[in-house]
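Colleague: Mind looking over this structure? Questions follow.
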Amino acid sequence: MMKLVFTQKQEITKASQLTSPQRQQLEKAGEKYDGKSHAVKIRLQKPDDYNVEDPSFAGMCYYYKIMEGNIYKYDAWMYKRDSGTFFKAGTTEIVGEIIQFDPSIYDEVLRNKIGMAMVEANLLPKKSSTYKKFKEMLNE
């Protein structure tokens with residue numbers, strides 16, 4: 001079984017960094033996060049620290065390509081420190097999320113592969129509820 005690898009980390013600070021599919025992904029990820037539809041520009045605006053419902057991901061928005069060997073398989077968005085969304089490569093088809101640091105993937109095999117890749121990339125904190133499980137799977 002080929003493993004997944006998080007590559008090409010980018011901190012996203014402005015809409016001009018993104019391709020059209022990436023903009024669509026970020027909008028969809030935001031909607032999944034808080035149930036509200038906001039343009040990328042709003043998601044990346046300076047955060048209002050006094051507004052608990054602030055839609056901004058600024059200062060904590062990262063994009064990765066997930067590769068399997070030399071095949072580009074998934075796009076990963078990580079935001080708000082403990083949240084994220086996974087998409088099939090280059091599409092707006094969601095395959096899973098990150099909820100309170102832990103991968104929540106609909107397909108169990110994919111969940112395990114992404115979880116192990118997150119551990120290897122130091123993207124899953126040791127305090128998360130699934131870290132130990134994925135770390136042990138890596139060592140098998």
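Colleague: Within the stretch 61-98, restricting attention to residues that are more than 17 Å from GLN25 (Cα to Cα) and among the aliphatic types (A, V, I, L, M), which residue is surrounded by the fewest Cβ atoms within 10 Å (Cβ to Cβ)? Working first, answer last.
Modeller: Here is the first cut: in the stretch 61-98, the residues more than 17 Å from GLN25 (Cα to Cα) are 67-71, 81-82.
Still in the list and also among the aliphatic types (A, V, I, L, M): 67, 71.
Working: MET67: 19, ILE71: 9.
Once the filter is applied, the top-ranked residue is ILE71.
Colleague: Sticking with this structure for a sec: Would you mind finding the one in ALA58, ALA39, ALA15 that is of a type in the set (Gly, Ala, Ser) and either open to solvent by 70 Å² or more (accessible area, probe 1.4 Å) or out of contact with any Lys or Arg (no Cβ under 8 Å at 6 or more places or on another chain) (or both)?
Modeller: Testing whether each residue is of a type in the set (Gly, Ala, Ser) and either open to solvent by 70 Å² or more (accessible area, probe 1.4 Å) or out of contact with any Lys or Arg (no Cβ under 8 Å at 6 or more places or on another chain) (or both) leaves just ALA39.
Colleague: Go through the stretch 18-36 and report how many residues are open to solvent by less than 80 Å² (accessible area, probe 1.4 Å) and more than 15 Å from GLY84 (Cα to Cα).
Modeller: Count: 4.
Colleague: If you don't mind, there's one more thing I want to ask. Against the definition (hydroxyl-bearing (Ser, Thr, Tyr) and touching a Lys or Arg at 6+ places or on another chain (Cβ under 8 Å)), how does TYR50 come out, yes or no? Don't jump to the end; show me each part of the working.
Modeller: Values: hydroxyl-bearing (Ser, Thr, Tyr): yes; touching a Lys or Arg at 6+ places or on another chain (Cβ under 8 Å): no.
For TYR50, the condition - hydroxyl-bearing (Ser, Thr, Tyr) and touching a Lys or Arg at 6+ places or on another chain (Cβ under 8 Å) - is not met.
Colleague: Identify, by number, the condition in (1) of a type outside the set (Lys, Arg); (2) over 28 Å from SER20 (Cβ atoms); (3) modelled with pLDDT of 95 or more that ASN139 doesn't meet.
Modeller: Only one criterion in (1) of a type outside the set (Lys, Arg); (2) over 28 Å from SER20 (Cβ atoms); (3) modelled with pLDDT of 95 or more is unmet by ASN139, namely (3).
Colleague: Out of all the residues in the stretch 38-45, is one or more among the polar types (S, T, N, Q) and without any contact (Cβ under 8 Å) to a residue 12 or more places away in the chain?
Modeller: No, the conditions are met nowhere in the stretch 38-45.
Colleague: Would you check which residues across the stretch 101-140 are in contact (Cβ under 8 Å) with a residue 12 or more places away in the chain, basic (Lys, Arg) and either outside any helix (DSSP H, G or I) or buried (at least 19 other Cβ atoms within 10 Å of the Cβ) (or both) and list them?
Modeller: ARG111, LYS113, LYS127
Colleague: Another question, then. Hey, can you tell me all the residues within the stretch 10-32 that are modelled with pLDDT under 95, basic (Lys, Arg) and either in a helix (DSSP H, G or I) or farther than 13 Å from ARG43 by Cα (or both)?
Modeller: LYS32
The values are calculated or read from the model by the stated rules, or taken from the named source; none is laboratory data. Quick caveat: nothing in here was measured; it's all calculated off a predicted structure. Reconstructed Cβ throughout: ideal geometry from the backbone, glycine too, with neighbour counts over all protein chains shown. For accessibility, only protein heavy atoms count, side chains too; no ligands or nucleic acids. Shrake-Rupley method; radii C 1.70, N 1.55, O 1.52, S 1.80 Å.
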